[in-house]
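In what follows, a single structure is set out as structure tokens and then discussed.
Laboratory data are not the source of any read-out in this text; all were calculated from the coordinates shown. Just so you know, these numbers come straight off a predicted model, no measurement behind them. Here Cβ is always computed from backbone atoms with ideal geometry, including for glycine, and neighbour counts include all displayed protein chains.
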Amino acid sequence: MKPPEIHEQGPATTLPVGSTAAVRAYGRMLLRRHRGGLAGMVALHGTATVAGLVGPAVLGSLVESLATEGGGRVAAAIGWYLAALVVQSVFTGLSLLRGSVLGEEVLADLREDFLVRSVALPLGVLERAGTGDLVSRGTTDIDRLARSVRDAVPELVVAAVSVVLVLGALVVTSPLLAATAVLGLPPLFFTSRWYFRRAPQSYRNESAGYAAVNTVLAETVDAGRTVEALRLGERRVELTDRKIREWISWERYTLWLRSVWFPTVDGTYALAVLGTLVLGGLFALHGLVSPGRLTTGVLYAQALVHPVSRILRWYDELQIGQTSLARLVGVREVAEPETDAALHPEGRRVEAQQVSFGYREGTDVLRDITLDVEPGSRVALVGPSGAGKSTLGRLLAGIYAPGRGRVTLGGAQLSRMPAERVRTEVALVNQEHHVFVGTLRDNLHLARAEADDTELLAALVAVDAAEWADALPDGLDTEVGSGGTALTPAQAQQLALARLVLADPHTLVLDEATSLLDPRAARHLERSLSRVLAGRTVVAIAHRLHTAHDADVIAVVEQGRITEYGSHPDLVASGGPYAALWRSWRDEG
Amino acid sequence: MPLVPLPLPDPGRPDLSSPLGFLRWLGRAQRRGQLLATLWSTLELGSMAALPVAIGRGVQAVVDHDTRALLTAGLLALLLAVVQTTMTVLLHRQVVWNWIQAASQVRQLVARQASALGGGLSRRIATGEIVAVSSGDVEKIGWYVELTARLYGAVLAWLGVSTVVLWRQPGLGLAVLLGVPVLAAAVWPLLGPFERRYAEQRALGGKASELAADTVAGLRVLRGIGGEELFLRRYRSASQRVRAAAVRTARTWAVMQAQEVLLPGLFVIGVTWYGARLALDGSIGVGELIAVYGSTAFLAAPLRVIGEAAHAWSVARVSAGRAVKVLTLTRDDAPADGSAADGSEADGPAREGAAGAADDGAELVRRAPRSDLHDPVSGLTARAGRLTAVVCGDPDAAGELAARLGGRPVLAEGVAAGPSARLGGVELDGVPLAVARAAVLVHDKEPVLLSGTLAELLDVPRSGRVEPAEALAAARAQDALEALVDGSPECAGDPMAARITERGRSLSGGQRQRLALARSLVADPPVLVLDEPTSAVDAHTESRIAAGLRELRAGRTTVVLATSPLLLDQADTVLLLQQGRVVASGTHRELMTDEPRYRAVVTRDENEAGAGAGSAARPAARPAADPVGSGLAGSGLAGGAE
């Protein structure tokens, strides 16, 4: 059977994935950090396993005494068995608990490490890579790894300890029997290699296929109005059925893999028991092994089944965990920009000097841009979509470093300043007005951690948000964001503006900040925004022409260049493309 | 054994009377699979139970120095091993398939339900709740369905072993017969606390995961403004709470596992002791002692299945309840007289009425291009074949108007339906949903781009009059196409093969709006209602879209709710709405000169806009009105942020 065709890739990987060496190094680091816990778990489980070996030995000795002496110390043997059972139970419980404590510590380390690295990513990387890949690492990969760390690692360690101890007990009981018990291992090695070459990827595809059905469903629900309006219901049902078919085709494939592999595993176990019974029996008939030892040996061979199954069952989970770990570790490999902590701006003038910039080698989005932003002035960037306005805005906000040329603030190069310093001076205000899960206070505090409630409330008043904020059930302590009290887009925008008031940067770059809002709701936001803008230098990426009209300077950006530059009256008088557009807008409006 | 082809072409009509009824219905739908799995399970467990007999005979043969008997015992063990190995594979295949059948049926049902409810869904239930049914709950329901057959097998194996032992050694047999249920029940007291702790751990884990996702999703804000330390601290404490809860769960789990070793162990020891004494008496041989020991130890396997099934049953019942809840949701917008029924309700009592309505529906859709659209609530009339623009100061009122114009709007809870919009005199609220949607397409303020290739995005039910390329050209989406091609290397430069990610997140707001507009234009409905289709588009592009829209919709009925002069100027008629009523009409230029209220709204000056401009409280802190814009000094730049 061939694996099904893959119709679709998962979410694009936009951030680096850790190399094998990096993953190993990280694994070793974790191992060192949790050495003690691991040793404790192995010791506890070893004790439990050894205690578990007593039962078959007792039965063997009973058989031995019954076969040779016709009776004997039954009560004593049973007493030993009982004591061993109690030890086995207690230590099994303890080793499981120890394993869980260890697993949870490692998991907490992993997820906290990941977030620590994530929040240190440079803003330019985030702007370009988006956050989708990072979110999927922070949720899906952490979940997958949880299975590995919580279950697979302890199970594998424990099972390996068991195999070694049981084999050891077999050797002690009878080296001959130990040899017959491992007869089936070589073929198992080959079939397992065949299986494990195919299994991890197939299981990943299977679970991706399973998740894809939900993605389609979530979209159908989420886009319910659109689906209904465009009469897409039937198509969505067909699409879901197709995704279910694709998922099942992977289920079928992995089922086939197991259908081939399982019998070889079971066969190996059967061979071990059968071999020890028949060959061991023949040895016993020739007096090489006593019947008691034969009994114990056969039971030990049977006892090997369980831990070997565990190893085989959890092995691919470990491989899957390794892939997820590589994605988490990859975040550590994003290069940090070289910054100079000694760099301080002198003054507030923002200047771009012969700046060129491209997202990819050889294709410049901006070419040879020179722009001087006077402190306290208002500059409007206008031009068609895709001309490079947003990119220019991000260069002026210090988010991207120019490919050629310099962007400076008060004479100091923005891209060489630490991000934490840049943002006290310049902020980008864009369409993204994320409301974080948490209280309204949390959502404001992030802009200035030391602010007290009076300052927070003052910021809300400043952006005209006091009225609805007061009306919230618990005031500043109201839970907002996903799952909490829902804020309207306009309120979310005001929240973002209140953060700006608190952070208080002297220069703002506005990129379509309210463009996703209904223009009619946007109107009273403009008032909030205008209060925030008062007294600051503003670079506005403009969609509506009356914006440009009021700016001190207008820069028309077309195809990566500034094609017109000047005040509104100057540009209208010069009769260029801006003047033409303005006339059509004004005459009509 | 061949497996049933899945997924089923039709998931069937479930029994939704109760969670239990639903689970039973799922079981009935795969009766053959359940029967086969029970058979395989019984045979598998039976051969496992019999293996100790073969081992006992082998040892007995050694004690008796009987080579022949040893080989016979070996042969028996071989036979049992072959049966067991075969049955394990057959059983595994069958139960996995049973699981998949149940899971895919539930998922198909949920998908059909989601499509049938459409816009009515998100008002009734959170997206997450529906998706949870299709992921987590499906797994639990499937788990239970998978386990039922194995449970029957386990019970049969236990009864079988008991019968055999009862026949050979009545005392032992009784012990086995009674011991197993007692041991199985011994796990249950711990199951409740375990479930509770586990649920707590899951809830905390979900919260931490949500916090991580939320922090990362808003990372651009954090990096741009600050607050990383605050959020890290919050996440650390959430993460540590998860750890502590998981360790609490592990404590109960460890006790359960220790108990699972101890109790069956005690049972085995008791039986072995009794057997050993019988062997001392000489009433059984060494071989039988081993068989007794092995068979009792084997009973741990069916015991585990019984315990697992009890566990699965307790969680599956809750999951089935959630599935039933989602599958019994209805769309509560049907007219009160019940005369109309749409496709999804066609099996109901109103069947005859529905057939009649469907005929009317075809007629309505056929006549739609030549019918005027009238809304009695606002007094708005959109003439057939014309481009009508509506200016409305209040965004909520505009959204409600757009929804009303399409007929059968989804009403907020507790809101009574007002008079219906009429298309050519026919009440749209009175026709089947599918007919209303075929006649009028309402392109709302937030159309969602469904993920897939651009070709898939534009593959909507359509008249065939407008080609995708024409629609994209009219919506001036060229730069969105370039962005798509840039973002999907696998499309090899063909924009139609380029992928749009979920909700079009890789595109800018303006690009998304234009692709959504192109999609509605391709559908080419008889009547198209557009609510602010270009609010995020720059002025350069908007003026070109306005022209493209007019050209492409020539001769078709189109209503645009907008405030941008660039769009309004292209309309045949512009209507001004205030406080929900049409107060003025004319062309854009006429209204600009003759109607100060209109000028006030369109040139974005609020003092003149009057009460209809918005419901938000506005302090009158604005400079005096100036229609053209020099008075906008206070907020001009702010407007530019749009």
* Take the alpha-carbon centre of segment B:452-475, take the same for segment B:1-38, and report the distance between them in whole Å. => 40
* **Cα long-axis angle, helix B:395-406 against chain B (0 to 90 degrees, to the nearest 10)** => 80
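Of the DSSP beta bridges with both residues in the protein assembly as shown, give the percent that are antiparallel, rounding to the nearest 5. The partial results should precede the final answer.
Details: 34 of 70 bridges.
Roughly 50 percent of the beta bridges in the protein assembly as shown run antiparallel, per DSSP.
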* To do: Could you give the spread of the C-alpha atoms of chain B along their three principal axes, from largest to smallest, in whole angstroms?
  => 119, 64, 52
* Asked: For the protein assembly as shown, what is the convex hull volume of its Cα atoms per residue in Å³?
  -> 177
* Which of the aspartates and glutamates could a cross-linker bridge to residue A:243, judged by Cα under 12 Å and excluding same-chain residues fewer than eight apart? -> A:8, A:206
* Derived scalar couplings ³J(HN,Hα) [segment A:286-296; Karplus, 6.51 cos²θ - 1.76 cosθ + 1.60; whole Hz; x for Gly, Pro] -> 8, x, 7, 9, 7, x, x, 5, 4, 4, 4
* For segment A:20-333, what is the largest minus smallest coordinate of the Cα atoms on each principal axis, given in angstrom and ordered from greatest to least? -> 88, 44, 34
* Would you compute, from DSSP H runs of 4+ residues alone, the mean residue ellipticity of chain B at 222 nm, taking -39500 (n - 2.57) per run and dividing by the full residue count, rounded to the nearest 500? => -20500 deg cm²/dmol
* Structure fact -> Log entry: pair-distance distribution for segment B:19-327, C-alpha pairs binned every 10 Å from zero, whole % per bin is 6, 19, 24, 22, 14, 9, 5, 2, 0
* Structure fact -> Sorted by chain and number, the residues with a modelled amide H under 5 Å from that of residue A:437, at a separation of 5 or more or across chains, are A:482
* To do: Could you list which residues have their amide H under 5 Å from that of residue A:564, counting only those 5 or more apart in sequence or on another chain, with H placed in the peptide plane?
  => A:556
* Asked: Any idea how far the Cα center of segment B:510-550 sits from the one of segment A:56-108, in Å?
  -> 76
* Asked: Label points 7 Å out from Cα along the Cβ direction at residue B:177 and residue B:325: separation in nm?
  -> 4.5
* To do: Treat each spin label as a single point 7 Å out from the Cα along the C-beta direction, and report the residue A:361 to residue B:456 distance in nm.
  => 3.3
* Asked: Longest span of chain A, sites excluded, free of GluC sites (Glu not before Pro) in DSSP loop with at most 16 other C-beta atoms within 10 Å?
  -> A:70-337
* Once phi is turned into θ = phi - 60°, what whole-Hz ³J(HN,Hα) does the Karplus curve with 6.51, -1.76 and 1.60 give for every residue of segment A:420-431, x standing for Gly and Pro? -> 5, 7, 3, 6, 7, 9, 10, 10, 9, 10, 10, 5
* Asked: What nm distance separates the two modelled labels at residue A:332 and residue B:20, each placed 7 Å from Cα along Cα→Cβ?
  -> 5.5
* Asked: Between the helical axis of A:20-33 and the dominant principal axis of chain A, each derived from Cα atoms, what acute angle in degrees is found, rounded to the nearest 10?
  -> 70
* Asked: Which FRET efficiency, nearest 0.05, do residue B:71 and residue A:477 yield, Cβ-Cβ r, R0 60 Å?
  -> 0.15
* Mind sorting A:528, A:118 by how few other Cβ atoms lie within 10 Å of their own Cβ, fewest first? => A:528, A:118
* To do: With runs of 4+ DSSP H residues as the only contributors, calculate the mean residue ellipticity of chain A at 222 nm using -39,500 (n - 2.57) per run, divided by the residue total and rounded to the nearest 500.
  => -20500 deg cm²/dmol
* **residue B:560 long-range amide H proximity, modeled H, under 5 Å** => B:388, B:389, B:390, B:530
* Let me know the Rg and Dmax you get for segment A:350-588 when you use only its Cα atoms, in Å. => 18.8, 57
* Structure fact -> Scalar couplings 3J(HN,Hα) for segment A:376-385 by Karplus 6.51 cos²θ - 1.76 cosθ + 1.60 (θ = phi - 60°), nearest whole Hz, x for Gly and Pro, are x, 8, 10, 10, 10, 9, 10, x, x, 4
* State log₁₀ I(q)/I(0) for segment B:449-523 at q = 0.23 Å⁻¹ as given by the Debye formula over alpha-carbon point scatterers of equal weight, solvent excluded. => -1.00
* Angle between the Cα long axis of helix B:478-487 and the longest principal axis of chain B, 0 to 90 degrees, nearest 10? -> 20
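Using Stokes-Einstein with the Kirkwood hydrodynamic radius over Cα pairs, what translational diffusion coefficient do you get for chain A at 4 °C and a viscosity of 1.567 mPa s, in µm²/s rounded to a whole number?
Using the Kirkwood radius from Cα pairs, D works out to 43 µm²/s.
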* Amide N of segment B:181-198 lying under 16 Å from the label point, which is placed 7 angstrom from the Cα of residue B:266 along Cα→Cβ -> B:181-190
* Structure fact -> Which of B:140/B:445; A:389/B:207; A:389/B:445 exceed 27 Å between C-alpha atoms? The answer is B:140/B:445; A:389/B:207
* Asked: Where in segment A:183-218 is the amide nitrogen less than 19 Å from a point lying 7 Å along the Cα-to-Cβ axis of residue A:256?
  -> A:191-210
* **Ranked list, fewest to most other Cβ atoms within 10 Å of each Cβ, for B:410, A:329** => B:410, A:329
* Kirkwood-based Rg to Rh ratio, segment B:64-152, C-alpha trace -> 1.41
